[in-house]
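Asks: Submitted below is the structure of interest, expressed as structure tokens.
The values are calculated or read from the model by the stated rules, or taken from the named source; none is laboratory data. Owing to the predicted nature of the structure, the values given are computational and were not obtained by experimental measurement. Cβ placement follows ideal geometry from the backbone for every residue including glycine, while neighbour counts extend to all protein chains displayed. Accessible surface is based on the protein model in full, side chains and every heavy atom, while ligands, DNA and RNA are left aside. Shrake-Rupley method; radii C 1.70, N 1.55, O 1.52, S 1.80 Å.
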Amino acid sequence: MTINRQDNFSTIEDIEIGKAFLEQGYIIRPIKNIKDLDWIRNLFIKLVRKNLTIKDEVNDGNLFDLIHYEINPSQLNNFRLSIIKEMNATDGFRYRYYQVAKSYLEALVGNELAMQSRVNLSIQLPNDASSLLATHADTWSGDSPFEVVVWLPLVDCYKTKAMYLLPPDKNLNLNKNFKQMSGNNSEYLFKSIESDIKWIDINYGEVMVFNQALPHGNRINQENETRWSMNCRFKGLFTPYNDKKIGEFFEPITIKPASVLGMSYQHPKL
Amino acid sequence: MKKLRGYIFSRYFLGERIPQYVQNLVLRDYCDKKKHEYLLSATEYTMGNSFLALQQTLNDMKNIDGIVAYSLFQMPELQIDRIKVYTKILKSNKELHFAVEGLKISEKSDIDRIENIWLIKQTLPKCYQYSE
């Protein structure tokens, strides 16, 4: 895919980000507003300690990576849902989530945005098969192709502790041969793309923005540490919506004055 | 406690659209009331007439007791395709629940009841309509 001449209006950094996103299907970049990331991490430490009985001497530094010593898979989903509920109800959380990716979202999506109403949380314990996401593209189940996902890890993620994504060039082949390659069960689809997928390697302090129209998912975490990551969808406010509607799934976050005027404009009465 | 995999739609079915989170709420509530364990839903693909997610769920039932769909009207519109779904469920000794209608298929005799409702639903648009 090529960038057209209009990109001369963009900064060099934005052009570079756009190219990488189109070619790879994602970008991983350092978080510029690091104090916002620290705020989010501190909120999580507070919520985890509130929802689990953890000895005071357990170090905050290892709290997330080693949480599997404090919780088992059967308790995990209720714990996760409690954290999701509380983090989304905390004033300033969604604002800071936006802030950690703001400059990249402006480069890739725009500056007049809709944001998913609730940020999601994934916690993947080592060797736990209960919280897997089979290969899917969000667009296959009702997301608009105009959306991107901001994926924010609270720990370093690598190999099976991370997620995978099918690169854009490989996805063309899948789209052409979807019926044969998807097969009759979720494992069949994974097997048919396994050799082409890209495992994401991302550290705490970095953020990923990826194209959710590309197939992605996770496998059993075979590393010795637990994965903690959040995900949230963003899109241009006035771009097409699919099954995830404005109001029930998305909320406007940066309406610009010209749009405020335009939406309420009326011609003079004759 | 039976483990039931949720099944929801991301597109219209018989002219109706229900937000996905509402479908999930109904499934969770149904499972709570019936004392079943609700497992994260499979979402049917948005592409028209696709039942790929349903097929995949039917083929991934090894460690579960069945499927709970939001509505029975999320089954394929062709009767022959619906019967294939019911047959697969019963042959595997599983159950197929429909949360909104509060119905289920766990034995062969349940199929007639479900199919009668389906056929009536498909016939009604062809019947006399009146407006007040």
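Asks: Being charged (D, E, K, R) and either outside any helix (DSSP H, G or I) or modelled with pLDDT under 95 (or both) is the filter here, so list the residues in the range A:89-135 that pass it.
Replies: Correct list: A:D91, A:E112, A:R118, A:D128.
Asks: Within the range A:234-256, is there a residue that is out of contact with any helix residue (DSSP H, G or I) (no Cβ under 6 Å at 6 or more places or on another chain), open to solvent by 50 Å² or more (accessible area, probe 1.4 Å) and hydroxyl-bearing (S, T, Y)?
Replies: There is at least one residue in the range A:234-256 that is out of contact with any helix residue (DSSP H, G or I) (no Cβ under 6 Å at 6 or more places or on another chain), open to solvent by 50 Å² or more (accessible area, probe 1.4 Å) and hydroxyl-bearing (S, T, Y).
Asks: Right, here's the next one. Tally time: how many residues in the range B:4-24 are out of contact with any Leu (no Cβ under 6 Å at 6 or more places or on another chain), open to solvent by 20 Å² or more (accessible area, probe 1.4 Å) and either assigned to a loop (DSSP other than H, G, I, E, B) or not aliphatic (A, V, I, L, M) (or both)?
Replies: Residues in the range B:4-24 being out of contact with any Leu (no Cβ under 6 Å at 6 or more places or on another chain), open to solvent by 20 Å² or more (accessible area, probe 1.4 Å) and either assigned to a loop (DSSP other than H, G, I, E, B) or not aliphatic (A, V, I, L, M) (or both): 11 in total.
Asks: Which of the residues spanning the range A:121-147 are within 20 Å of A:L81 (Cα to Cα), in contact with a strand residue (DSSP E or B) (Cβ under 7 Å, 6 or more places away or on another chain) and among the hydroxyl-bearing types (S, T, Y)?
Replies: Residues satisfying the conditions are A:S122, A:S131.
Asks: Go through the range A:160-173 and report how many residues are open to solvent by 10 Å² or more (accessible area, probe 1.4 Å) and over 13 Å from A:Q124 (Cα atoms).
Replies: 7
Asks: When you look at A:N120, is it open to solvent by 50 Å² or more (accessible area, probe 1.4 Å), under 23 Å from A:D38 (Cβ atoms) and in contact with a helix residue (DSSP H, G or I) (Cβ under 8 Å, 6 or more places away or on another chain), yes or no?
Replies: Yes, satisfied.
Asks: Let me ask something additional. Restricting to the range B:59-110, give me the number of residues that are assigned to a strand (DSSP E or B) and farther than 23 Å from A:E187 by Cα. Break it down into steps so the answer makes sense when it comes.
Replies: We begin by selecting, within the range B:59-110, every residue assigned to a strand (DSSP E or B); these are B:66-69, B:95-98, B:103-105.
Cutting the leftovers down to farther than 23 Å from A:E187 by Cα gives us B:97-98, B:103-105.
The total comes to 5.
Asks: Here are the criteria: (1) open to solvent by less than 10 Å² (accessible area, probe 1.4 Å); (2) under 23 Å from B:E115 (Cα atoms). Tell me which single one B:N49 does not satisfy.
Replies: All conditions are met except number (1).
Asks: Is it the case, given these coordinates, that B:Y12 is aromatic (F, W, Y), within 12 Å of another protein chain (Cβ to nearest Cβ) and more than 25 Å from A:S130 (Cα to Cα)?
Replies: Yes, satisfied.
Asks: Now, a different point. Working carefully through the options B:L78, B:L72, B:L54, B:L27, find the one that is more than 8 Å from chain A (Cβ to nearest Cβ) and open to solvent by 30 Å² or more (accessible area, probe 1.4 Å). Let's see the steps before the verdict.
Replies: Working: B:L72 fails: open to solvent by 30 Å² or more (accessible area, probe 1.4 Å); B:L54 fails: open to solvent by 30 Å² or more (accessible area, probe 1.4 Å); B:L27 fails: open to solvent by 30 Å² or more (accessible area, probe 1.4 Å).
Residue meeting the stated conditions: B:L78.
Asks: Looking only at residues in the range B:30-50 that are under 19 Å from B:D81 (Cβ atoms) and more than 11 Å from every other protein chain (Cβ to nearest Cβ), which one is farthest from the chain's Cα centre (by Cα)?
Replies: Once the filter is applied, the top-ranked residue is B:G48.
Asks: Within the range A:136-165, which residues are more than 10 Å from chain B (Cβ to nearest Cβ), among the charged types (D, E, K, R) and either closer than 21 Å to A:D60 by Cα or not in a strand (DSSP E or B) (or both)?
Replies: Answer for the range A:136-165, where residues must be more than 10 Å from chain B (Cβ to nearest Cβ), among the charged types (D, E, K, R) and either closer than 21 Å to A:D60 by Cα or not in a strand (DSSP E or B) (or both): A:D156, A:K159, A:K161.
Asks: So which residues in the range A:234-251 are more than 8 Å from chain B (Cβ to nearest Cβ) and under 27 Å from B:G15 (Cβ atoms)?
Replies: Listed by number, the residues that qualify are A:K235, A:T239, A:P240, A:Y241, A:I246, A:G247, A:F250.
Asks: Which condition number does A:T53 fail, the rest of (1) away from every other protein chain (no Cβ under 13 Å); (2) open to solvent by 50 Å² or more (accessible area, probe 1.4 Å); (3) assigned to a helix (DSSP H, G or I) being met?
Replies: All conditions pass for A:T53, except number (3).
Asks: Sticking with this one: Among the residues in the range A:211-223, are any in contact with a Lys or Arg (Cβ under 7 Å, 6 or more places away or on another chain), buried (at least 17 other Cβ atoms within 10 Å of the Cβ), hydrophobic (A, V, I, L, M, F, W, C) and not in a strand (DSSP E or B)?
Replies: no
Asks: Does A:L43 meet the test of being open to solvent by less than 50 Å² (accessible area, probe 1.4 Å), more than 26 Å from A:H216 (Cβ to Cβ) and assigned to a helix (DSSP H, G or I)?
Replies: Yes; evaluated as a whole, the condition is true for this residue.
Asks: Exactly one condition in (1) under 18 Å from the mean Cα position of the chain (by Cα); (2) outside any loop (DSSP other than H, G, I, E, B) is not met by A:V48; state its number.
Replies: Exception for A:V48: condition (1).
Asks: Need the failing condition index for B:G66 against (1) within 14 Å of chain A (Cβ to nearest Cβ); (2) of a type in the set (G, A, S); (3) touching an Asp or Glu at 6+ places or on another chain (Cβ under 7 Å), just the number.
Replies: Checking B:G66 against (1) within 14 Å of chain A (Cβ to nearest Cβ); (2) of a type in the set (G, A, S); (3) touching an Asp or Glu at 6+ places or on another chain (Cβ under 7 Å), the one that fails is (1).
Per-residue answers, yes or no, for (1) of a type in the set (A, V, I, L, M, F, W, C); (2) farther than 19 Å from B:Y38 by Cα; (3) over 15 Å from the mean Cα position of the chain (by Cα):
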{"site": "B:Y86", "(1), (2), (3)": "no, yes, no"}
{"site": "B:F98", "(1), (2), (3)": "yes, no, no"}
{"site": "B:I105", "(1), (2), (3)": "yes, no, no"}
{"site": "B:Y130", "(1), (2), (3)": "no, yes, yes"}
